[in-house]
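These notes concern the structure reproduced below.
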Amino acid sequence: MSEELNPFEPPKALKTRADTRSLLFPYERFDFLSDLPPGEVLEELEDAIEPFRWFRFFWSSKKAPFEGKVTGSSFACQRIVTTRNGFVPRVRGVVEPHARGGSRIRGSMTLQPRIALVLVGWTFALLFGAYRFATDPPSETRSVSSVLVTLGMLLFFWIIAIYSFRSETRKARHFLVARLEARPALPAEVGFE
């Protein structure tokens, strides 16, 4: 019996370690194709990215939706938000000519380093707490429920982190696709890497 293929999902043979890693740690790779030549894509990116500032007022002029820099054929940026949102991803990518014309935009979206550090720190603290509760002899104040509550807190923490990161990557991806007149690259269009 033949299996129907979804053109928007890579075949199982193309699934990489990054796909499973993004379930455990907020991380996403992207690969877009645009009919615009690489020079025009880089110009659009330069228009959409303003230099990084350490401090912004909410009333300051918001000319560009991203802050960061474009260097040669690569770019590194993050969305400008006026709220305190630590899950805004760092977007890094490369623009290169595509063999069939147009451009290929490849890159990744990762957590800010300070947020990743806090996420890892909280994870180890909660795992250590669960380990201590599990290995200490049971008493009136410590029980199996203490371990379950600690692991439940860890699970809840990770769900919030991954959901918040994914919602922000969706916004960044949507903007890049719209601004660069791009579409997700299919495996047949970019080759099997």
Practice task
Between H174 and T83, with labels modelled 7 Å along Cα→Cβ, what's the label distance in nm to one decimal, could you check?
Solution key: 1.4
Fill in the blank from the handout: Residues meeting the amide H criterion for L36 (H placed from the backbone, H to H distance under 5 Å, 5 or more places apart or on another chain) are S103
Handout entry: Karplus (6.51, -1.76, 1.60) ³J(HN,Hα), θ = phi - 60°, over segment 63-74, in Hz, Gly and Pro reported as x
Key = 6, 10, x, 10, 10, x, 7, 10, 10, x, 9, 10
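Please find the FRET efficiency linking L148 to F25, where r is the Cβ-Cβ separation and R0 is fixed at 41 Å, and quote it to the nearest 0.05. List each step's numbers first, then the result.
On the way: r = 23 Å, r/R0 = 0.57.
Calculated value: 0.95.
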Problem - Rough spin-label spacing in nm, given labels placed 7 Å along Cα→Cβ, for R92 and E43 - result: 2.8
Problem - Rounded to whole Hz, the Karplus (6.51, -1.76, 1.60) HN-Hα couplings of segment 85-98, x for glycine and proline - result: 10, x, 9, 5, x, 7, 9, 10, x, 9, 10, 9, x, 9
Handout entry: Radius of gyration, Dmax [segment 87-128; alpha carbons; angstrom]
Key = 16.8, 53
Problem - Isotropically averaged projected area of segment 25-188, using the convex hull of Cα atoms (one quarter of hull area), nm² - result: 12.7
Exercise for the section: Take S74, project a point 7 Å from its Cα along the Cβ direction, then tell me which residues of segment 89-122 have their backbone nitrogen under 12 Å from it. Expected result: 92-95, 107-108
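Please report, to one decimal in angstroms, the Kirkwood hydrodynamic radius of segment 50-133 built from all distinct Cα-Cα pairs. Intermediate values should be presented prior to the final figure.
Working: mean 1/r = 0.0640 Å⁻¹.
In segment 50-133 this quantity evaluates to 15.6 Å.
Any read-out appearing in this document is the output of simple, stated calculations on the displayed coordinates, not a laboratory observation. Bear in mind that the values here come from a model prediction, so they are computed numbers and not experimental data. Virtual Cβ from ideal backbone geometry, glycine too; neighbours counted across all protein chains shown.
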